[in-house]
Amino acid sequence: MPGGRYCGRFAPSPTGPLHFGSLLAAVASFLQARVRNGIWRVRIEDLDPPREAAGAAADILRTLEAFGLHWDGEVRYQGRRSPAYAAAVEKLADTGRLF
């Protein structure tokens, strides 16, 4: 949480168009973040390439925008974060905190 602010998030898998249940979850987390004067982030869970639908991530983001759900900061894609995770594991190992 940057500066101790509440941080909500929505993390859909890009397997197709955003369905109603996911949209409802997005609205709920968005509103909770805004009510708490927090930030709301979007993370795309692109970790299962065989199930991903071409263009689904962009379609999901367009749908969120169409419903007025504007995220704070950049959209993060899990599949692109491996170097950050490897660095975190290395830091834990170097400080004896990895088990």
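The values are calculated or read from the model by the stated rules, or taken from the named source; none is laboratory data. No experiment lies behind these values; they were computed from the predicted model shown. Every residue, glycine among them, receives a Cβ derived from its backbone with ideal geometry; neighbour counts consider all protein chains shown.
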Phe10 meets each of (1) of a type in the set (Phe, Trp, Tyr); (2) within 18 Å of Tyr77 (Cβ to Cβ); (3) without any contact (Cβ under 8 Å) to a residue 12 or more places away in the chain with one exception, condition (3)
Tell me, yes or no, whether the stretch 75-88 has at least one residue that is polar (S, T, N, Q) and at pLDDT below 95.
-> yes
Screening Asp72, Asp46, Asp59 for residues that are under 14 Å from the mean Cα position of the chain (by Cα), farther than 24 Å from Tyr6 by Cα and surrounded by 12 or more Cβ atoms within 10 Å (Cβ to Cβ) leaves only Asp46
Mind checking which residues of the stretch 25-43 are in contact with a Lys or Arg (Cβ under 7 Å, 6 or more places away or on another chain) and in a helix (DSSP H, G or I)?
-> Ser29
So which residues in the stretch 16-37 are of a type in the set (Val, Ile, Thr) and either surrounded by 15 or more Cβ atoms within 10 Å (Cβ to Cβ) or closer than 15 Å to Phe67 by Cβ (or both)?
-> Val27
Is it the case that Ile39 is of a type in the set (Val, Ile, Thr), farther than 29 Å from Leu98 by Cβ and without any contact (Cβ under 8 Å) to a residue 60 or more places away in the chain?
-> yes
Search result, residues across the stretch 44-99 that are assigned to a loop (DSSP other than H, G, I, E, B), under 15 Å from Phe10 (Cβ atoms) and of a type in the set (Val, Ile, Thr) = Val75
A careful count of residues in the stretch 75-84 that are loosely packed, with under 13 Cβ neighbours inside 10 Å and among the basic types (Lys, Arg) gives 1
Report, by residue number, each residue of the stretch 26-52 that is hydrophobic (A, V, I, L, M, F, W, C) and closer than 17 Å to Val75 by Cα.
-> Ala26, Val27, Phe30, Ala33, Ile39, Trp40, Val42, Ile44, Leu47
Which residue out of Arg80, Arg62 is free of Cβ contacts under 8 Å to residues at least 40 places away in the same chain and under 20 Å from Leu23 (Cβ atoms)?
-> Arg62
